[in-house]
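Throughout, read-outs are computed from the coordinates displayed, never taken from laboratory work. As the structure is a prediction and not an experimental result, all values here were calculated from the model. Cβ placement follows ideal geometry from the backbone for every residue including glycine, while neighbour counts extend to all protein chains displayed.
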Amino acid sequence: MSAISGFFGSLWHSGGAYRAVLVLVAVEGVLMALCACWLSFTAILMRRDRKLDAAFARKAAPGLLAVLADEKALRAWQARAGRFPKAVLRRYLEPRIMATTGNLNARIVDVYSRLGLLAKDMQQAESRAWRTRMKAMRRLVFVAGPQQAELLVRRSRDLHAIGVLAAMALGRVGTPRQVFEVLRHIELPRRLMAQPVHAMLDAMDQERLAKLMDLWSETPSPTVRRVLLEVAARRVPWVCERYLPLAAGNSSVEVRIGAARSCGMLAGVSSMKVALRLAIDEVPQVRAQAARALGRRGGSGSVDALAGLAEDRDFWVRQNAVAALREQGDAGRRALEELSVSSRDDFARDAARQELEQLLLFTETGEAAS
Amino acid sequence: MRAVAGAVPTERGSGNGVAVLVAEGDSTSRELLEYYLGRTSWRTVVVTTGEEAHRHLRSERFDVAVLDVSLEHRSGFDLLREIRDDKQLSHTRVMLLSEDGRDGTELKAFELGASDFVRRPFAPAVVVARVKRLLIRRNGAMGEQS
C-alpha cells in the first residue's frame with residue numbers, strides 16, 4: 001500500500017503534466033465508481049420490479065380477462081390488484097389496453113380507471129415537470145375518454161411533443177368543437193409538421209369529421225385548411241365535394257393547392273369542374289397539383305386538359321402533365337405523339353418525346369419479360 | 001375445462017371438431033390469445049413451453065398450431081420441423097409468431113413449411129382471424145382432395 005502511495009506521491013511531485021494526468025485519472029475513477037453505483041441501483045430496481053410483477057401475476061391469477069365477464073370476480077380481482085403499487089398495475093394493464101380494440105378495450109380501460117390510474121394520469125398531466133407530463137400524456141393517448149377532453153385541449157398548447165400527443169388523443173375522444181379549438185391554434189410553417197394533424201384527423205370517426213368540416217372556413221391557418229380538405233377527401237368525400245368550389249376560389253395558395261390535391265381523390269362531377277378551373281389558376285404550384293389530380297382521375301376530359309397543361313409556361317406543370325398523360329393509356333399516348341410533333345412549344349415537344357421514349361422502353365421491357 | 005392463467009396448460013371449448021394449439025411464452029400475449037380463442041367454438045389448448053407443445057402434438061390431433069418462435073426448451077422452428085417431418089401431423093397448419101421482424105426469419109418459416117407468419121407486436125383478434133382463414137383454406141383443400 002505504501003509502495004503505491006509512494007509511487008503516486010513521487011508522480012505528484014514530478015511536475016505539472018504528471019499532476020494533471022493524476023487528476024484526470026482520479027476524476028475518471030470517480031466517474032466510473034458513480035456509473036457502477038448507478039448501474040447497481042437500476043439493477044436492484046429492475047429486480048424489485050420483476051419480483052413485484054411475478055408476485056402480482058400470482059396474486060392476480062386468473063388474469064383480468066378471465067374475470068371481466070363476472071362483476072363479482074372482477075371486484076375481487078380489483079381488491080387483490082389494488083394492494084400493488086400503481087407502476088405494477090400499469091405494467092400489467094398497458095399491453096392489454098394497447099393490444100385490444102372495441103368493447104374489450106373499453107372494459108380494460110374501465111378497470112384502469114377504477115384502480116385510480118386514470119385519475120393519477122390526469123394529475124400528472126398537469127405536473128410542472130415536463131417529463132412527468134409527457135409520460136402521463138403517452139398513457140392518456142390510449143386511455144383518455146370524453147371526460148378528459150378538456151384537459152387534452154389545455155395540454156395541446158403545451159410543448160410540441162406533448163401537444164402532438166394531446167391532439168392525437170383528442171382526435172379519438174374530442175367533440176368537433178374541441179378539435180377545432182386545437183386546430184385554431186396550430187401553425188404549420190413546414191410541410192413535415194402536418195403529420196400530427198393528419199394523425200389527429202385520422203383518429204376521428206366519419207361523423208365527427210363531417211361536423212368538423214362545418215367549421216372549415218373558420219380555421220385561421222390556410223395550411224391546416226389544406227390538410228383538413230385532403231383528409232376529408234379521403235375519409236368523407238361527399239362532404240369534401242361541398243367545400244371544393246369555396247376552396248378553389250380562396251385567396252390562399254395553400255388552400256387552392258389543397259383543393260387541387262383533393263380533386264385527385266374524388267370522383268364526382270363537381271370536383272372535376274373544380275380541377276379544370278384550378279388547371280388555369282394563376283399560380284404554377286396550383287396548376288401543377290391540378291395536373292396531377294387530372295392524371296389520377298383520368299377520362300377524356302382530363303386528357304384534353306392535360307394536353308393543354310403540357311404546353312404550360314412553368315416547368316413543373318408541364319412535367320406533371322406529360323407524366324400524367326403517360327398514365328392515360330392509348331388516349332394519353334396519342335396526345336403525347338401529337339404534342340411531340342405539332343406543339344409550337346419547344347419544351348412541350350421535348351417533354352412529350354421523353355415521356356414517349358420512356359413509354360416505349362417500358363413497353364419493350366414488358367414484352368421482353370412476358 | 002376452465003382456463004387457468006399461468007404456467008399450467010389450459011384447455012377450453014367443447015369443440016366443433018376443430019382443435020387449436022397455442023404455444024406462447026409471453027404471458028400477456030398468451031392471456032390475450034386465450035381470451036379471443038375462448039370466444040370461438042374451437043377446442044383450444046394453451047401451453048407455455050416447447051416441451052409441452054411437443055407432448056400435446058404427439059398425443060392429440062390439432063388442426064392449427066400457433067407457435068411462438070422463441071419458446072423455451074424447443075423453439076417454434078424445432079416444433080415446425082417435427083410437424084413437417086411427421087406424416088401423422090401433416091394435416092396440422094402452423095402459424096409462427098415472432099419478435100424477429102427480419103425478412104430472413106419469415107423466409108425461413110415459410111421454407112420450413114409454415115402456413116402463416118405473424119410479427120410482434122400483433123393484435124390478438126387479427127391472429128384469431130388468420131387462424132380462421134387457415135381453417136377455411138384447409139377445409140377448401142381437403143374438399144378438393146376428396
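For the range B:13-81, run through the trypsin sites (Lys or Arg not before Pro) and keep only the ones in DSSP coil with at most 16 other Cβ atoms within 10 Å of their Cβ. Walk me through the numbers on the way to the answer.
On the way: sites: B:30, B:39, B:43, B:55, B:58, B:61, B:74, B:81; in loops: B:39, B:61, B:74.
For trypsin sites (Lys or Arg not before Pro) across the range B:13-81 that sit outside H, G, I, E and B with at most 16 neighbouring Cβ atoms in 10 Å, the list reads B:39, B:61.
Give the order of B:136, A:97, A:257 when sorted by the count of other beta carbons within 10 angstrom, beginning with the fewest. Walk me through the numbers before you get to the answer.
Numbers: B:136 10, A:97 18, A:257 24.
Result, fewest neighbours first: B:136, A:97, A:257.
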How large is ³J(HN,Hα) for each residue in the range B:79-88, as worked out from phi by the Karplus curve 6.51 cos²θ - 1.76 cosθ + 1.60 (θ = phi - 60°), to whole Hz, x for Gly and Pro? 5, 4, 4, 4, 5, 6, 7, 9, 5, 5
Which of the chymotrypsin sites (Phe, Trp or Tyr not before Pro) found in the range B:66-146 are loop residues per DSSP with 12 or fewer other Cβ atoms within 10 Å of their Cβ? none
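Run through the DSSP bridge list for the range B:10-140 and note the antiparallel percent, rounded to the nearest 5.
On the way: 3 of 21 bridges.
For the range B:10-140, the DSSP antiparallel bridge percentage is about 15.
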Which part of the range A:288-310 falls in the paramagnetic zone of residue A:234, meaning amide N under 11 Å from the point 7 Å along Cα-to-beta-carbon? none
Of A:51/A:72; A:59/A:86; A:59/B:132, which sit over 24 Å apart, Cα to Cα? A:51/A:72; A:59/B:132
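In percent, what relative contact order does chain A have, based on Cα pairs under 8 Å that are 6 or more apart in sequence? Before the final figure, lay out the partial values.
On the way: 413 pairs, mean separation 22.6, N = 370.
Computed over chain A, the figure is 6 percent.
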Could you list A:204, A:265 so that the one with the fewest beta carbons within 10 Å of its beta carbon is first and the one with the most is last? A:265, A:204
Ranking A:89, A:168, A:284 by how far each Cα lies towards the positive end of the charge dipole of the protein assembly as shown (+1 on Lys and Arg Cβ, -1 on Asp and Glu Cβ), the top one is A:89
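Loop-only trypsin sites (Lys or Arg not before Pro) in the range A:185-220, please: DSSP not H, G, I, E or B, and at most 10 other Cβ atoms within 10 Å.
Working: sites: A:190, A:191, A:208, A:211; in loops: A:190.
Qualifying residues, ordered by number: A:190.
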Approximate spin-label separation residue A:187-residue B:39, in nm, with each point projected 7 Å along Cα-to-Cβ: 4.7
Pairwise FRET efficiency - residue A:214 versus residue A:159, Cβ, R0 = 41 Å, nearest 0.05: 0.85
Distance in nm between residue A:49 and residue B:26 label points, each 7 Å along Cα→Cβ, equals 1.6
For the range A:204-297, treating each Cα as an identical point scatterer without solvent, what Debye log10 I(q)/I(0) comes out at q = 0.10 1/Å? -0.21
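What FRET efficiency comes out for residue A:5 versus residue A:42 if R0 is 41 angstrom and r is the Cβ-Cβ distance? Round to the nearest 0.05. If you can, show how the numbers build up before the last one.
Numbers: r = 34 Å, r/R0 = 0.83.
Calculated value: 0.75.
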Using a Förster distance of 60 angstrom, determine the FRET efficiency expected from the C-beta separation of residue A:135 and residue A:13, and round it to 0.05. 0.70
More than 34 angstrom apart: percent of Cα pairs within the protein assembly as shown: 62
Go through A:200, A:221, A:182 and say which Cα lies farthest out towards the positive end of the charge dipole of the range A:177-253; charges sit on Cβ, +1 for Lys and Arg, -1 for Asp and Glu. A:221
For a quick check: sort B:78, B:68 by the number of other beta carbons within 10 angstrom, fewest at the front. B:78, B:68
For a test of the definition: using alpha carbon positions, the gyration tensor, and the 1.5 limit on a/c, classify the range B:38-86 as rounded, prolate or oblate. prolate
Please report, in debye to the nearest 20, how large the charge dipole of the protein assembly as shown is about its Cα centre when each Lys and Arg carries +1 at its beta carbon and each Asp and Glu carries -1 there. 2340
Linear extension gain, residue B:112 paired with residue B:132, 0.36 nm per residue minus alpha-carbon span: 5.1 nm
Residue separation times 0.36 nm, minus the C-alpha to C-alpha distance between residue A:270 and residue A:313: what's the value? 12.8 nm
Taking Cα centroids, how far is the range A:157-199 from the range A:213-255 in Å? 17
For the range A:204-297, with +1 on Lys and Arg beta carbons and -1 on Asp and Glu, the positive-most of A:293, A:255, A:233 along the dipole: A:293
Can you pull the three principal axis extents for the Cα set of the range B:19-121, in Å, largest first? 34, 33, 24
